[in-house]
Amino acid sequence: MAMLDGNAIAGQLYEVFGAEMTTVAGVCAYCGARHQLGEQYVYLRGPGTVVRCRSCQSIVAVLVEIRGCTCVDLQGLAEIDLRRA
Amino acid sequence: MERTAVRGRLTWRHARVVELIDETAGVRSIVLDPPDWPGHQAGQHVDVRLTAEDGYQAQRSYSIASAPEDEHLVLTVERLEDGEVSPYLVGELRVGDELELRGPIGGYFVWDVPLGGPLLLVGGGSGVVPLRAILFHRAALRSTVPVRLLYSARTLADVIYREELIGVEADHQGADIRITLTREQPTGWRGYTGRIDRALLEEVAWAPSERPLTYVCGPTGLVEATASALVDLGHEPSRIKTERFGPT
């Protein structure tokens, strides 16, 4: 499956968070690596959008759209720094 | 941090097609006139949405090819044979049609003069599109930040913006433009041949000690190979920004 990066879902993230999110840094809950969302790995073809940590490949975020609502699972992020959003 | 301003919503807007430019056999530039365009930064993209008569919608992201200073917003789109959106944009869209888009979007893969350089821009195929915006933005502002563009295409006929990049009139404020042709080279070709690899990057890239700022855009394979070779050569990973293209 084609791997993209966080840039590819910038519009989707903006829609959910109401701000530019690709420059926002998040800490992976599994390995502790801090990366901007724009540089994380993204897979669009699964059921929903899967964001993986570029250091350890763990799933840091999943976005699924159901009947016009976007459900966001951020359990893979230990921390997200919204100050730069 | 407290915020006083209301954040702007990302709204869909209709933009009229002003001009269509065939760049190569499968790549077309779409010149648009979006009303109330808020301006963009070099390297950003827009989302384009198509709606079928039955209401089915398909949406894709496309890099902005124009510099912020340009009169019109330009998207350059490569036709993907099994694509849902690009065959329409490249083959069916006509001047005067309206296109639904939202943006500009993205803050990660952007360059502006204060970020400095030296700049290394590495593009593969239609990955050159956001790099064009960076190149033209730098030239429009008469920036003296040193810049090198390394662009990989299959054949000379596949080189997008060929005249602009390597035509006799091409200038770009002293930009150093290098092209490698991977599949077929014309007689007397004086550029590079073959895929971008460690040896080519060693020759073309700035020395790691100059701490270049690098933007790599293209298919995943090219981006991975370039980024890992640069890190291998001693470049700082945090100064290498990547944007992967792929069929979605």
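Taking the Cα centre of chain B as reference, the dipole from Cβ charges on Lys and Arg (+1) and Asp and Glu (-1) amounts to some 640 debye. Please list, by residue number, every one of the GluC sites (Glu not before Pro) in the stretch B:122-210 that is coil in DSSP and has at most 10 other beta-carbon atoms within 10 Å. Of the GluC sites (Glu not before Pro), the ones in loops of the stretch B:122-210 whose Cβ has at most 10 other Cβ atoms within 10 Å are B:Glu169. Put simply, the amide H of B:Ser152, placed in the peptide plane, has neighbours under 5 Å in B:Gly123, B:Gly124, B:Gly125, B:Thr180, leaving out anything fewer than 5 places away on its chain. Within the protein assembly as shown, the cysteines lacking any other cysteine Cβ closer than 4.7 Å to their own Cβ are A:Cys69, A:Cys71, B:Cys217. Rounded to the nearest 20 debye, the dipole magnitude of the protein assembly as shown is 800 debye, with +1 charges on Lys and Arg beta carbons, -1 on Asp and Glu beta carbons, and the Cα centre as origin. Report summary: the helix-based calculation at 222 nm, which adds -39500 (n - 2.57) for every DSSP H run with n ≥ 4 and divides by the residues of chain B, gives -4500 deg cm²/dmol. For the pair the stretch B:141-155 and the stretch B:95-137, the centres of their Cα atoms are 12 angstrom apart. With kT/(6 pi eta Rh) evaluated at 25 °C and eta = 0.890 mPa s, and Rh the Kirkwood radius from Cα pairs, chain A diffuses with a coefficient of 195 µm²/s according to Stokes-Einstein. Rounded to the nearest 0.05, the FRET efficiency derived from the C-beta distance between B:Asp112 and B:Glu53 at R0 = 35 Å is 0.25. Per the Debye calculation on the stretch A:1-50 with a single equal scatterer at every Cα and no solvent contribution, log₁₀ I(q)/I(0) for q = 0.21, 0.28 Å⁻¹ amounts to -0.76, -1.11. Model label sites at A:Arg83 and B:Asp70, defined 7 Å from Cα along the beta-carbon direction, differ in position by 3.7 nm.
Over all orientations, the stretch B:113-245 has a Cα convex hull whose mean projected area works out to 7.6 square nanometres.
Semi-axis lengths, largest first, of the ellipsoid equivalent to chain B are 29, 22, 17 Å, with √(5λ) applied to each eigenvalue of the Cα gyration tensor. Distance between the 7 Å Cα→Cβ label points at B:Asp232 and B:Ala207: 2.2 nm. Length, then width, then depth: along the principal axes, the Cα atoms of the protein assembly as shown run 58, 49, 40 Å. The long axis of helix B:128-140 is offset from the longest Cα principal axis of chain B by roughly 80 degrees.
Values quoted throughout were computed directly from the atomic coordinates according to the rules given, and no laboratory measurement underlies them. Worth saying up front: this structure is predicted, and the values here are computed from it rather than measured. Heads up, the Cβs are rebuilt from the backbone with ideal geometry, glycines too, and the neighbour counts pull from every protein chain shown.
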